[in-house]
Amino acid sequence: MRFWTTISLILVLSAVGLTYEIAAGRVLAPFFGTSLLTWTAVIATILAGFSLGSALGGLVAERERRGAIATVRAALIATAVLMALSPTALGLIYALGARETAGMLLAVFVAFFPASVLVTLPSPFLARMAVEARPGREGSSLGLVLSAGSLGAIVGAILAGFVALPLFGSAATFAGCGAAALLCIPLVREKTHGSGGKGRSTESGSKVLIGAAALVVVASVAGRSVCRYESGLSCIDVVRQGSAVQLYSDRTQQAAERSIQKEGQGEMSQGLVLPYTQWLWARMDRDLGPAPSVLFIGGGGYTLLTMLLTERPSAQAVAVEIDPLITDVVREHMPWAGAMIEQTGYDAGLDSAGDTEGEGRLGIIHADGRVFLNQTDRRFDAVVMDAFSSGSVPAHLATRETYEHLRTIVDGPVYVNLIDTPNGPLARGIHAILVDLYPYVELAEGRVSQSGRANIVLAASLEPLAPLDALPSGYEAAQLAPGRAFTDDRGWVGHR
């Protein structure tokens with residue numbers, strides 16, 4: 001094998017490994033969410049696989065060349081198959097009942113550890129080939145081997161985060177990793193000085209295995225994807241059940257509309273469907289004046305702000321939604337909210353967030369909520385904190401520093417939606433922040449789901465909060481035990 005061929009193979013396999021690692025964290029989100037715990041599990045598991053693969057590869061590299069090459073080629077074939085089937089394996093383990101932290105750890109290990117071992121197994125043999133290809137230049141050869149591994153990791157991270165996952169989705173990314181492994185196989189070969197019958201038989205068998213693996217890779221793309229719409233941030237499904245349209249992101253319900261057909265008018269919404277939005281609107285309807293300016297951190301299905309703009313013709317809203325795909329899906333599938341976006345929405349942008357003269361009533365900003373808060377100088381009469389990453393609040397939006405900054409730009413109430421267990425650590429942490437910053441705080445808790453969690457909604461204000469006439473079905477006032485206020489230094493780590 002030529003020197004630069006081995007260096008290129010090392011670079012490609014390193015890129016495949018890092019792309020696979022990042023894709024694993026993305027595809028895990030619809031099943032177990034995105035949190036510090038899930039990413040820690042993915043990174044630790046895959047690095048453990050890389051470590052074991054390198055150790056086993058060292059033993060392979062010590063074998064005679066023909067046997068080592070055969071083993072490396074077999075490892076690449078197995079890598080292609082396992083990588084392409086990783087999402088299928090993850091879904092199967094979840095369907096068999098894997099839940100919570102223990103189930104997540106099991107799923108990560110079974111779905112991602114084997115391929116992580118095999119993708120690094122060829123590297124020691126390739127390093128040996130590179131060093132032997134340039135006698136007398138072992139030092140520089142070894143340096144280029146290490147450099148190629150690092151450069152490949154950089155390339156893989158960029159490909160996964162900026163190209164493959166946002167543009168093609170997770171299933172295609174895993175299949176692409178498998179295809180890249182298969183394309184490396186023809187380059188891993190021994191120089192031949194003849195073609196005996198045994199050599200032809202071995203080569204023929206290898207081609208059959210490569211072809212079978214290629215079919216598996218192609219089939220993995222043709223099979224059912226993890227979700228209907230996918231970006232680098234969200235895995236989105238839209239479900240119609242009778243007259244209701246439900247929006248799910250990473251299998252967590254974000255919004256719903258119930259529509260009826262009216263002759264000559266198309267679909268007309270009958271208002272808010274999800275009880276947590278009904279509580280928040282009841283609270284907002286009681287607290288806010290006729291022309292409020294309300295900030296929404298997290299657009300979700302845009303239903304709550306649609307209700308605000310419908311019932312308050314002089315109101316204005318700014319929605320900060322990190323994922324443009326969410327907005328596009330709402331436009332296409334949710335008639336009530338989509339119509340409001342079309343009629344009154346405009347692209348506010350971070351640079352123009354403070355200048356709405358001559359624009360519509362709904363400013364849409366596709367950015368991270370915390371980044372927007374750090375950069376805006378606009379003032380608001382109220383804020384709704386309803387941002388989610390999978391089934392939980394992003395940690396950097398659940399800190400005391402975030403809410404302290406909100407107090408400087410929001411003159412009125414703060415409304416918060418959470419998903420947590422009754423008296424759970426997330427709810428207690430946010431409640432601890434609010435009671436420290438605001439003299440008046442109230443909360444209500446919805447029905448507990450099969451997962452043991454419920455929507456917990458809070459309102460905090462500098463002025464007394466008038467009591468609501470009634471609560472949505474299944475909601476009742478709740479009390480929380482004292483909790484630790486989250487900070488940027490010691491924040492929320494996710495559901496365990």
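The values are calculated or read from the model by the stated rules, or taken from the named source; none is laboratory data. Small disclaimer: the values here were computed from a predicted structure and weren't measured. Every residue, glycine among them, receives a Cβ derived from its backbone with ideal geometry; neighbour counts consider all protein chains shown.
If the condition is being part of a loop (DSSP other than H, G, I, E, B) and surrounded by 19 or more Cβ atoms within 10 Å (Cβ to Cβ), then the stretch 439-482 contributes 446, 453, 472, 475, 480. Residue 98 meets all of the listed conditions (1) crowded, with 19+ Cβ neighbours inside 10 Å; (2) not in a loop (DSSP other than H, G, I, E, B); (3) not β-branched (Val, Ile, Thr) but one, namely (2). For the stretch 398-438, a residue qualifies if it is over 16 Å from residue 483 (Cα atoms), over 26 Å from the mean Cα position of the chain (by Cα), buried (at least 16 other Cβ atoms within 10 Å of the Cβ) and hydrophobic (A, V, I, L, M, F, W, C), and the qualifying residues are 410, 414.
Quick one: is residue 128 closer than 17 Å to residue 185 by Cβ and touching an Asp or Glu at 6+ places or on another chain (Cβ under 9 Å)? No: the conditions fail for residue 128.
The condition (being assigned to a helix (DSSP H, G or I) and either of a type in the set (D, E, K, R) or under 24 Å from the mean Cα position of the chain (by Cα) (or both)) is satisfied by just one residue among 92, 76: 92.
For the stretch 106-122, the condition holds for at least one residue, the condition being that it is in the same structural domain as residue 75 (by TED's automatic domain parsing), farther than 30 Å from residue 234 by Cα, at pLDDT 95 or above and within 32 Å of the chain's Cα centre (by Cα). The set of residues from the stretch 122-160 being over 23 Å from residue 22 (Cβ atoms) and small (Gly, Ala, Ser) comprises 127, 130, 133, 136, 139, 140, 141, 143. What number of residues within the stretch 40-72 are at pLDDT below 95 and either outside the structural domain of residue 131 (by TED's automatic domain parsing) or under 19 Å from residue 15 (Cα atoms) (or both)? Residues in the stretch 40-72 being at pLDDT below 95 and either outside the structural domain of residue 131 (by TED's automatic domain parsing) or under 19 Å from residue 15 (Cα atoms) (or both): 0 in total. Taking first residues from the stretch 144-166 that are within 15 Å of residue 176 (Cα to Cα) and partners that are among the small types (Gly, Ala, Ser) and part of a helix (DSSP H, G or I), the Cβ contacts under 7 Å between residues at least 6 apart in sequence or on separate chains come to 155/15; 156/14; 156/15; 156/17; 159/15; 160/23; 164/176; 165/23. Summed over the stretch 394-438, residues that are in a loop (DSSP other than H, G, I, E, B), among the hydroxyl-bearing types (Ser, Thr, Tyr) and over 24 Å from residue 248 (Cα atoms) total 2.
The set of residues from the stretch 1-32 being assigned to a helix (DSSP H, G or I) and of a type in the set (Lys, Arg) comprises just one member, 26.
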